[in-house]
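The values are calculated or read from the model by the stated rules, or taken from the named source; none is laboratory data. Computed from a predicted model, the values in this text were never measured in an experiment. All Cβ positions, even for glycine, are placed from backbone atoms using ideal geometry, and neighbour counts span all protein chains on display.
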């Protein structure tokens, strides 16, 4: 079994269970691309080593997908279709007849055009088949003592750009660097910097909003994000909202 492995909670639980059940017949594959937030690749590498599963990293550039950089509402479908086709090629070369991912029941309640691509490409989603939710998988991860059991949700950097606005390497780069800077300064693990052109709109968990009401921290954040090319830096007072551009 080849597992689409991001190093997050879902794929880590899947990789752990596959390794336990299949031994050397399980392979984790992580995609390195411009869409990957800073630090995620390193965490995936460490998690694969912790699990003890064979781990392969491949490099892809989704900006080469026709129409992707235009950022249509089915952007996720285009990306997943491209990624799954590449994973299937690797599986075929290495003699695996199943490609699996960590899609679960909770994904059905959100806007996930990538699910269509998974169905079309014949990707196996055991958690979805078993009716397990995200919370169920976190409980399993905690029971298994996986270090990522409480890891915040992660998504590709393209989700920070409103639909219809072009996705460029420069925008992805500055979003990633902005989020990394804020995480390191405030010591928090979940930040989204929504890129509205000249405006950076920062989202964090509601409990972390108070960390911004510090003159020194605010000045550092504003200066850093302006250095990265934003003209205005704002904090979303509502806090973090998953898929905020999907509604």
Out of 3, 53, 57, report the one residue that is more than 27 Å from residue 133 (Cα to Cα) and in contact (Cβ under 8 Å) with a residue 24 or more places away in the chain. 57
Being under 15 Å from residue 124 (Cα atoms) and out of contact with any strand residue (DSSP E or B) (no Cβ under 8 Å at 6 or more places or on another chain), is that true of even one residue in the range 84-91? yes
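Out of the residues in the range 11-42 meeting the condition of being assigned to a helix (DSSP H, G or I), within 14 Å of the chain's Cα centre (by Cα) and in contact (Cβ under 8 Å) with a residue 40 or more places away in the chain, tell me which one is farthest from residue 107 (Cα to Cα).
Going through the range 11-42, the residues assigned to a helix (DSSP H, G or I) turn out to be 11-25, 40-42.
Retained after the next criterion (residues that are within 14 Å of the chain's Cα centre (by Cα)): 11-12, 40-42.
Then keep just the ones that are in contact (Cβ under 8 Å) with a residue 40 or more places away in the chain; that gives 11-12, 40.
Numbers: 11: 14, 12: 17, 40: 21 Å.
Only one residue tops the list, namely 40.
On the given criteria, is residue 207 assigned by TED's automatic domain parsing to the domain that holds residue 179 and surrounded by fewer than 12 Cβ atoms within 10 Å (Cβ to Cβ)? Walk me through it before giving the result.
Working: assigned by TED's automatic domain parsing to the domain that holds residue 179: yes; surrounded by fewer than 12 Cβ atoms within 10 Å (Cβ to Cβ): yes.
Taking the combined requirement at face value, the residue satisfies it.
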What is the number of the single condition among (1) without any contact (Cβ under 8 Å) to a residue 60 or more places away in the chain; (2) under 28 Å from residue 165 (Cα atoms); (3) not in a strand (DSSP E or B) that residue 72 does not meet? (1)
Any residue at all in the range 1-10 that's buried (at least 21 other Cβ atoms within 10 Å of the Cβ), at pLDDT 95 or above, part of a helix (DSSP H, G or I) and out of contact with any strand residue (DSSP E or B) (no Cβ under 9 Å at 6 or more places or on another chain)? yes
Only one residue in 90, 65 is over 15 Å from residue 146 (Cα atoms), surrounded by 15 or more Cβ atoms within 10 Å (Cβ to Cβ), free of Cβ contacts under 8 Å to residues at least 24 places away in the same chain and not assigned by TED's automatic domain parsing to the domain that holds residue 168, so which one is that? 65
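Do any helices (runs of 4 or more DSSP H) lying entirely in the range 121-233 carry at least 2 residues that are within 18 Å of the chain's Cα centre (by Cα), and which ones are they? Quick ask: steps written out before the conclusion?
Values: elements: 126-129, 134-143, 169-186, 215-227.
Fully inside the range 121-233 and qualifying: 134-143, 169-186.
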Which of the following residues is surrounded by 12 or more Cβ atoms within 10 Å (Cβ to Cβ), outside the structural domain of residue 13 (by TED's automatic domain parsing) and modelled with pLDDT under 95: 162, 152? 152
May I ask you to verify whether residue 22 is in contact with a strand residue (DSSP E or B) (Cβ under 7 Å, 6 or more places away or on another chain), modelled with pLDDT of 95 or more and not assigned by TED's automatic domain parsing to the domain that holds residue 168? no
Pairs returned, first residue in the range 210-236 that is under 18 Å from residue 196 (Cβ atoms), second residue that is in a loop (DSSP other than H, G, I, E, B) and at pLDDT 95 or above, beta-carbon separation under 8 angstrom, 6 or more apart or interchain, are 230/198; 231/198; 232/198
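Whether any residue in the range 180-194 is out of contact with any strand residue (DSSP E or B) (no Cβ under 7 Å at 6 or more places or on another chain), in contact (Cβ under 8 Å) with a residue 60 or more places away in the chain and either closer than 13 Å to residue 37 by Cα or buried (at least 16 other Cβ atoms within 10 Å of the Cβ) (or both) is what I want to check. Even if it seems obvious, please write down each step before you answer.
Initial filter on the range 180-194 (out of contact with any strand residue (DSSP E or B) (no Cβ under 7 Å at 6 or more places or on another chain)): 180-181, 184-187, 189.
Checking the rest, the ones that are also in contact (Cβ under 8 Å) with a residue 60 or more places away in the chain come to 180.
Checking the rest, the ones that are also either closer than 13 Å to residue 37 by Cα or buried (at least 16 other Cβ atoms within 10 Å of the Cβ) (or both) come to 180.
Yes, the conditions are met somewhere in the range 180-194.
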Which one of these does residue 106 not meet: (1) surrounded by fewer than 19 Cβ atoms within 10 Å (Cβ to Cβ); (2) outside any loop (DSSP other than H, G, I, E, B); (3) at pLDDT 95 or above? (3)
